[in-house]
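A.B. asks: Can you keep this structure in mind? I'll have questions shortly.
Since every read-out is calculated from the coordinates, none of them should be taken as a lab result. Please read all numbers here as calculations on a predicted model, not as lab measurements. Don't worry about glycine lacking a Cβ; one is built from the backbone with ideal geometry, like all the others, and counts go over all protein chains shown.
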Amino acid sequence: MGPRNPAQRRYVLRVAIATAAYLITLAAAVRLVGRGEVTGPLAWLLALLPGLSVAGFFWAIGRLLIEEKDEYLRMLLVRQVLVATAFALSITSVWGFLENFRLVDHVDAYWVAILWFFGLGVGAFVNRLTLGTAGGGCA
Amino acid sequence: MNNRLRVLRAERGWSQGDLAERLQVSRQSVNAIETGRYDPSLPLAFRIAKLFALPVEAIFLSEV
């Protein structure tokens, strides 16, 4: 990967902030809510924060799509995001029906996000395979 | 769509990086356009034409 442009540098910074927020709020939620030390509205707030931190990753990718001035890199990123979306939604759709028919165990909903992030890597691979370059943005 | 970008660039002795810098795009963009893997938008096509002081149709060649 070559040197990052300003939009990509801002993306990296935003992802770093979201990652830090996720780790801190998850640790706090596990310690305080998970062990029953906090209940009521504060427990709700603490339990919401890790998920909202993950939403920060999606926001960062959305901003990158808006701020990336290079149209080719933007197209690569759009393709990457579409592959990630198809990847995550296909797997969770299939799993949902298997779960519905009690053929597999229940999986927590946040796995959709994990699969989507993995899908960004798949998208970068597809870009490299079809266009010769993974793109300069995320994953 | 075919184009003469590589030839025009070579005539001026520019690397892909030089051309990318002049167009304010990534080197990957220049490479993708030169190799026909990506057709630029109209605004970028006109910027390329302006840089080489040529009409757009002298750089990008229609296949139809």
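A.B. asks: Taking the Cβ-Cβ separation of A:Ser90 and A:Val15 as r and a Förster radius of 22 Å, what is the calculated FRET efficiency to the nearest 0.05?
C.D. replies: 0.30
A.B. asks: Using only Cα positions of the stretch A:1-69, each an equal point scatterer, no hydration layer, compute I(q)/I(0) via Debye at q = 0.28 Å⁻¹ and quote the log10 values to two decimals.
C.D. replies: -1.10
A.B. asks: Using R₀ = 35 Å, calculate the FRET efficiency as 1/(1 + (r/R₀)^6) where r is the Cβ-Cβ separation of B:Glu21 and A:Leu129; round to 0.05.
C.D. replies: About 0.80, to the nearest 0.05.
A.B. asks: Which value, to two decimals, describes the C-alpha radius of gyration of the stretch A:70-139 once divided by 2.2 N^0.38 Å?
C.D. replies: 1.30
A.B. asks: If you don't mind, another one. Taking N as the number of residues in the protein assembly as shown, what is its Cα Rg relative to 2.2 N^0.38 Å?
C.D. replies: Here the answer is 1.37, to two decimals.
A.B. asks: How large is ³J(HN,Hα) for each residue in the stretch A:23-29, as worked out from phi by the Karplus curve 6.51 cos²θ - 1.76 cosθ + 1.60 (θ = phi - 60°), to whole Hz, x for Gly and Pro?
C.D. replies: The phi angles translate into 5, 5, 6, 5, 4, 5, 5 Hz.
A.B. asks: In whole Å, what three semi-axes, largest first, describe the equivalent ellipsoid of the stretch B:2-61 built from its Cα gyration tensor (square root of 5 times each eigenvalue)?
C.D. replies: 14, 13, 11
A.B. asks: Can you work out the FRET efficiency for the pair A:Thr39 and A:His106, with r the C-beta to C-beta distance and R0 = 30 Å, to the nearest 0.05?
C.D. replies: Approximately 0.75, to the nearest 0.05.
A.B. asks: Next question, about the same structure. Counting only helical runs of four or more DSSP H residues, what would the 222 nm mean residue ellipticity of chain B come to if each run contributes -39,500 (n - 2.57) and the total is spread over all its residues?
C.D. replies: Value at 222 nm, helices only: -15500 deg cm²/dmol.
A.B. asks: At 222 nm, what value in deg cm²/dmol follows for chain A if DSSP H runs of at least 4 each add -39500 (n - 2.57) and the sum is divided by all its residues, to the nearest 500?
C.D. replies: Helices in chain A give a 222 nm mean residue ellipticity of -26000 deg cm²/dmol.
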